[in-house]
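Asker: I have a structure I would like to understand better, so I am pasting it below and will then ask my questions one at a time.
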Amino acid sequence: MNSPICTAIAATATISFTYSGATRLAEPHCHGFTASGKEVVRAYQVEGLSLSGGTEGWRLFNVADIHDLQLLDIPFGEPRRGFNPLDPAMVEVHCHV
């Protein structure tokens, strides 16, 4: 389990990390495992590019592919619209807002 991600979720703190070669800022909402055993985090990306070309929106990130994770002193407060604490992409949830 990735405790820095759960720490960020508990603090509703924005995180910064490198993913697929791009720096991203995101609001982590839910952390757990998929049915195939991958550790993932559901986050609302607020800044940075993605492979889809968008900058903002909901993303599911594989924790193994996250590099240079930093917790920022930028709280995000309330969960974003569309957040589901029972994320269907995860069979096991460790923490969520």
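Every read-out reported here was derived from the displayed coordinates using simple, explicitly stated rules and does not represent laboratory data. All values derive from a computational prediction rather than experimental measurement. Note: ideal-geometry Cβ built from the backbone for every residue, glycine included; neighbour counts use all protein chains shown.
Asker: Would you mind classifying region 3-96 by shape? Square roots of the alpha carbon gyration tensor eigenvalues, ordered a ≥ b ≥ c; an a/c under 1.5 is rounded, otherwise it is prolate if a/b is larger than b/c and oblate if not.
Answerer: Numbers: a/c = 1.34, a/b = 1.13, b/c = 1.18.
It comes out rounded by the Cα gyration axes.
Asker: Charges only on Cβ, +1 for Lys and Arg, -1 for Asp and Glu: so what's the dipole of the chain about the Cα centre, in debye to the nearest 20? Mind showing how you got there, number by number?
Answerer: Details: 6 positive and 10 negative charges, 37 e Å.
My answer is approximately 180 debye.
Asker: Give me the net charge for the shell around Thr18: Cβ to Cβ below 10 angstrom, other residues only, Lys and Arg +1, Asp and Glu -1.
Answerer: That sum, taken over residues with Cβ under 10 Å, equals -1.
Asker: Just to confirm the filter: which trypsin sites (Lys or Arg not before Pro) across region 32-97 are DSSP coil and have at most 10 other Cβ within 10 angstrom of their Cβ?
Answerer: When the trypsin sites (Lys or Arg not before Pro) of region 32-97 are filtered for loop state and at most 10 Cβ neighbours within 10 Å, Arg81 remain.
Asker: Could you please rank His31, His96, placing first whichever residue has the fewest other Cβ atoms within 10 Å of its Cβ?
Answerer: Numbers: His31 27, His96 20.
Result, fewest neighbours first: His96, His31.
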